[in-house]
Every structure is written in structure tokens, then in C-alpha cells.
1. Output the residue which, of all residues in the range 69-82 that are open to solvent by less than 50 Å² (accessible area, probe 1.4 Å) and of a type outside the set (A, V, I, L, M, F, W, C), is farthest from residue 108 (Cα to Cα).
2. Please enumerate the residues belonging to the range 83-95 that are under 12 Å from residue 55 (Cβ atoms), in a loop (DSSP other than H, G, I, E, B) and open to solvent by 50 Å² or more (accessible area, probe 1.4 Å).
3. Just the residues that are of a type in the set (S, T, N, Q), over 17 Å from the mean Cα position of the chain (by Cα) and not in a loop (DSSP other than H, G, I, E, B), please, taken from the range 135-175.
4. If you go through the range 143-180 one residue at a time, how many are open to solvent by less than 70 Å² (accessible area, probe 1.4 Å), of a type outside the set (S, T, N, Q) and in contact (Cβ under 8 Å) with a residue 40 or more places away in the chain?
5. For the range 1-27, which residues satisfy the criterion of being polar (S, T, N, Q) and exposed (fewer than 14 other Cβ atoms within 10 Å of the Cβ)?
6. Looking at the range 28-51 only, could you name the residues that are open to solvent by less than 40 Å² (accessible area, probe 1.4 Å) and part of a helix (DSSP H, G or I)?
7. Would you confirm whether any residue within the range 55-68 is open to solvent by 80 Å² or more (accessible area, probe 1.4 Å) and among the polar types (S, T, N, Q)?
8. Can you name the number of the only condition in (1) of a type outside the set (D, E, K, R); (2) open to solvent by 50 Å² or more (accessible area, probe 1.4 Å); (3) touching a His at 6+ places or on another chain (Cβ under 8 Å) that residue 117 fails?
Amino acid sequence: MNLQPPIRYNKAEYIETDTGNKVSRRATIAGPQNIILGGKTIISGSAIIRGDLRRTGPGHAVVISLGRYCLVGEGCVIRPPYKTYRGNFNYYPMKIGDFVHVGANTIVEAATIGNCVEIGKNCVIGKFTIIKDCARIADNTIIPPNTVIPALAHFGGSPGQFIEDLPESTQEMVETQTKAYYNRFQPTT
């Protein structure tokens, strides 16, 4: 039984897809044909997802893949990592797992984010960072490029450093919290 009050939103401000994704009309989704939303994902207002930043060449390529029950906060920027390799500038795909919460005003350029990851507000996740399952990034943390954050680790600070190990129950707690948030996210009546 959920005792927390519903989180109300204006139904006219959000588009709801067949798979339960709720995308704010104030969000900027560039290159939507290159973005996959796994279902029951919430993308808040002023968020920017850059699916248009992809490798050059013909055809469609999945640039950003978000899993189920992801929450992208207000003002977030999610864009694929990039680098110059052998004189060629290229973008690389980004995969975000299930039950991932990205806090407001966070910039993400990671290569991979695992399942059940919590990223706080006002963070910068550097290019090609790999965040393993059930990790937590504290508010206002800057993770340098190419960092690997282990599973069940809590990181914080600038630059981001290990703070403590998280309990084995983190997966169940994050899944429960994320599902509860999605279920509480209701249109005004």
C-alpha cells in the first residue's frame, strides 16, 4: 500500500506512448528515430536527449537506449560520448539500464549505465563513464571521463570518489522506489 501522495502533472503537457512512456512536451528529443525508450519511462520538462548525435553514415543507428522505469529529471542533458579515433570524429552509443533515476540538471555522457542506478541532481557524468548496477551518485558530483563505478558503490564529490558500499538490498529498494514514483505520477483530474 502506497501512502505517499500522487505527483500531479498537467495531462496536456505530457505525451504518453503505448508502452507507458510519459514525455514532456517541453523536453527536447533530437533524433527520436535513434532513441529507444524501454517503457514506463518519464522524461521531465526541459530535458534534452540528443539522439541526433550519431556516427556518420547511412541508415539508422540506436544512439541512446533507455530501459524500463527510467526517470529523467528536469533540465537533464543526455548525449552520447564522442572521441576522435585515427583522425575520425565519432559519437558512440549510450546504453542506460532499467530503474535508473537521473536527477534534475544533470549532464550525462556515459557509455553505459547499469540497472538500478541513482544519479543525483546537478551532476556531470563524464564521457565514456561506465556505471555498474545498483550504484549511487550523490548530488553535485562530477565524475571524470572514462571512470568505472563499481556495483553497489556510492560516489560523491568533485571529482567523484568512493564514499561507501551500498547494501545488497539496493536493487529491491531502487526498483520499488522507481515503480512507486511512476505509479504516483498521475495527471491532474
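1. Let us first name the residues in the range 69-82 that are open to solvent by less than 50 Å² (accessible area, probe 1.4 Å), namely 69-73, 75-78, 80-81.
This time we only want the ones that are of a type outside the set (A, V, I, L, M, F, W, C), so: 69, 73, 75, 80-81.
Working: 69: 18, 73: 12, 75: 11, 80: 8, 81: 9 Å.
The residue in question is 69.
2. Quick first cut of the range 83-95, residues under 12 Å from residue 55 (Cβ atoms) only: 83, 85, 88-93.
Now restrict to residues that are in a loop (DSSP other than H, G, I, E, B): 92-93.
Answer for the range 83-95, where residues must be under 12 Å from residue 55 (Cβ atoms), in a loop (DSSP other than H, G, I, E, B) and open to solvent by 50 Å² or more (accessible area, probe 1.4 Å): just 93.
3. If the condition is that a residue be of a type in the set (S, T, N, Q), over 17 Å from the mean Cα position of the chain (by Cα) and not in a loop (DSSP other than H, G, I, E, B), then 161, 170 are the ones that fit.
4. Of the residues in the range 143-180, 3 are open to solvent by less than 70 Å² (accessible area, probe 1.4 Å), of a type outside the set (S, T, N, Q) and in contact (Cβ under 8 Å) with a residue 40 or more places away in the chain.
5. In the first step, residues of the range 1-27 are kept if they are polar (S, T, N, Q); the result is 2, 4, 10, 17, 19, 21, 24.
2, 4, 10, 17, 19 - these are the residues of the range 1-27 that are polar (S, T, N, Q) and exposed (fewer than 14 other Cβ atoms within 10 Å of the Cβ).
6. 34
7. Just the residues of the range 55-68 that are open to solvent by 80 Å² or more (accessible area, probe 1.4 Å), to begin with: 55-56, 58, 60, 68.
Checking which are among the polar types (S, T, N, Q) leaves us with 56.
Yes - at least one qualifying residue is present in the range 55-68.
8. Of everything listed in (1) of a type outside the set (D, E, K, R); (2) open to solvent by 50 Å² or more (accessible area, probe 1.4 Å); (3) touching a His at 6+ places or on another chain (Cβ under 8 Å), residue 117 misses just condition (2).
The values are calculated or read from the model by the stated rules, or taken from the named source; none is laboratory data. On a predicted model such as this, the values are computed, not experimentally measured, just so you know. Cβ coordinates were reconstructed from backbone atoms using ideal geometry, including for glycine residues, and neighbour counts include every protein chain displayed. Ligands, DNA and RNA are stripped out before the accessible areas are found, and what is left, the full protein with its side chains, is counted by its heavy atoms. Shrake-Rupley method; radii C 1.70, N 1.55, O 1.52, S 1.80 Å.
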